[in-house]
Structures are given as C-alpha cells and as structure tokens.
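Q: Just dropping this structure here.
The values are calculated or read from the model by the stated rules, or taken from the named source; none is laboratory data. Keep in mind the model is a prediction, meaning the values are calculated, not measured. Neighbour counts run over all protein chains shown; Cβ positions are idealised from the backbone, glycine included. Just the protein is used for accessible areas: all its heavy atoms, side chains included, with ligands, DNA and RNA removed. Shrake-Rupley method; radii C 1.70, N 1.55, O 1.52, S 1.80 Å.
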Amino acid sequence: MQVYFLGTGTSQGIPVIGSDHPVCLSNDSKDKRLRVSVWVSWEGYSIVIDCGPDFRQQMLVSGCARLDALLITHEHADHTAGLDDIRPFFFQQQKNIPIYAHERVLFNLEKRFDYIFATEDKYPGAPSVDAFEVKNGTDFMIGTTWIRPIEVGHGSLQVFGYRIQDFVYLTDVKTIAPAEIAKLAGVKVLVINALRLEPHHSHFSLQDALDFIHLVQPERAYITHISHLLGFHEEVQKNLPPNVYLAYDNLKINL
Ligand SMILES: [Zn+2]
C-alpha cells in the first residue's frame, strides 16, 4: 500500500492569504500546505480521502490518474469543496464515481452539488456519483478490501476516519470514544491531526495528538491538518518522538 499526502494544511491552507506570519513567509516547501487529503493505492485500487478546494492541483501534482472511490470524512468545505473536479475521472473512466460518506454528509453534498447528484435533465458536462452511506459499525468493501469507519468528534460534529488494513486516517479529531480507539488495535501507520500548540475547541493540539499516539501505539504516526501557528516544519519535527513525523505535502509512504 502506498499513501500519498496530497495536502496537510488546515482549512485556509498555508500560506494564509495576506498573512505576514513567518511560517507563511517561509521558503521551505514543507511549510506550504494545501488542504488535507490523502491518496491511498493498493493492489490496483486507487482512492482519495476528502476532496477539498485544492483537489485539481493535487491530482495534477501527484499524477493520480484513476479514482476508484472517494471517501469523505465530513462536509466542511476544506474537505469537500473540490467535488466538481472529479469531472476528468468521470469522463475518462466512463462510469459514476463511488462516493462514501455519512448520510448527513451525502445530504449536504446533494444540496451543494445538486447538479452532480441530479438524475434527470442532467447537463452533459456534469459528473455523476454513486453515493454510498457509511454507518458506524458497518465495514464496507472496496475491491476485495474491507474499510472500517471510525467515528470521532470534531467539536459537536460527527466525523468519520477510515481504517484500510493497517493504515488509519483520522482528521479533525477533538474527541474519540474508547470503543472507537479499540478499532485501532494493531495499526502500523496512524495519521492524526494536530492544529497548533494551543488548545482548540474542535481540533487536537500537538500535545493532544502526542498523547493519543502514545495511547494507540502505532509503529509510525504522521501529523496532518496543520496550521501555520504550529511553527516551522523543521523546528517542530526536531522535537517529536522518534516514530512521530509531521506530514508534508507530496510525502509518500509505503506499508
Ligand atoms: Zn478540516
């Protein structure tokens, strides 16, 4: 399995428009972060988790040439605003793109992208999707691989993370119930969010994420959904435990 970090930044992306914060002005490419998303490929399958406003650019830069499914964590714009840009995949693959999300999220996307979900009088240039409802406690299959949803809390909003074999992708986590943590047993690579050093009402801080990693004990952990307020990539990375890494855009890992 290969995991390609398409974007590792918080909702506004880094640099933030108009910001003169030193991290936003950094010349280090690892301090430039598009909105969070990962491309996961294994045994001939190619899926992307979340589809934010940078999706088109991310597909071009990564060279992702096939999309077998989109998995959505939640409806916030930094995770969904790029949905229109699945069009090239729809045209090239000549079939509806499967999209997996919570019922609430599918309902939200149907409102915001009604022309994509429309079944009648459809504009010929619009893409089409097959919507699959994800329910907590019910694994679903892509190809021959089971995907396990993991429920977390993002403030008061329910969010899904996903386990694919021994890879777990969790983002926008502030709270997670013990029963959900139990689903992470034996994980080799854990991706988890950390926004900044200071606490936040709907995101893990760096310390929250490190405490969580210590609890879960993955072989390796990668931190994502990062704000410029976390600091320079190079400096933050130096102080992390040996099996914990700050993810950065275009990082590829194998497991
Ligand atoms: Zn987010």
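Q: If Asp114 meets every condition in (1) within 21 Å of the chain's Cα centre (by Cα); (2) without any contact (Cβ under 8 Å) to a residue 12 or more places away in the chain apart from one, which number is that one?
A: The number of the failed condition is (1).
Q: Output the residues belonging to the stretch 128-149 that are part of a loop (DSSP other than H, G, I, E, B) and either modelled with pLDDT of 95 or more or polar (S, T, N, Q) (or both). It would help to see each step written out before you state the result.
A: Filtering the stretch 128-149 down to residues part of a loop (DSSP other than H, G, I, E, B) leaves 128, 134-139, 143-144.
Of everything in the stretch 128-149, those that are part of a loop (DSSP other than H, G, I, E, B) and either modelled with pLDDT of 95 or more or polar (S, T, N, Q) (or both) turn out to be Ser128, Val134, Lys135, Asn136, Gly137, Thr138, Asp139, Thr144.
Q: Pick from Thr119, Thr80: which is under 19 Å from the mean Cα position of the chain (by Cα) and among the polar types (S, T, N, Q)? Don't jump to the end; show me each part of the working.
A: Working: Thr119 fails: under 19 Å from the mean Cα position of the chain (by Cα).
Result of the check over Thr119, Thr80: Thr80.
Q: Taking Val129 as the residue in question, decide whether it is open to solvent by less than 10 Å² (accessible area, probe 1.4 Å) and either within 21 Å of the chain's Cα centre (by Cα) or under 19 Å from Tyr45 (Cα atoms) (or both). Break it down stepwise before answering.
A: Numbers: open to solvent by less than 10 Å² (accessible area, probe 1.4 Å): no; either within 21 Å of the chain's Cα centre (by Cα) or under 19 Å from Tyr45 (Cα atoms) (or both): yes.
Spelling it out, it is not the case that Val129 is open to solvent by less than 10 Å² (accessible area, probe 1.4 Å) and either within 21 Å of the chain's Cα centre (by Cα) or under 19 Å from Tyr45 (Cα atoms) (or both).
Q: Could I ask something else about it? Hey, could you check the stretch 149-163 for residues that are surrounded by fewer than 22 Cβ atoms within 10 Å (Cβ to Cβ) and of a type in the set (Gly, Ala, Ser) and say which is nearest to the chain's Cα centre (by Cα)?
A: Among residues in the stretch 149-163 that are surrounded by fewer than 22 Cβ atoms within 10 Å (Cβ to Cβ) and of a type in the set (Gly, Ala, Ser), the one nearest to the chain's Cα centre (by Cα) is Gly153.
Q: Confirm whether Thr144 is open to solvent by 10 Å² or more (accessible area, probe 1.4 Å) and either touching a helix residue (DSSP H, G or I) at 6+ places or on another chain (Cβ under 8 Å) or not aliphatic (A, V, I, L, M) (or both).
A: Numbers: open to solvent by 10 Å² or more (accessible area, probe 1.4 Å): yes; either touching a helix residue (DSSP H, G or I) at 6+ places or on another chain (Cβ under 8 Å) or not aliphatic (A, V, I, L, M) (or both): yes.
So Thr144 fits the description; yes.
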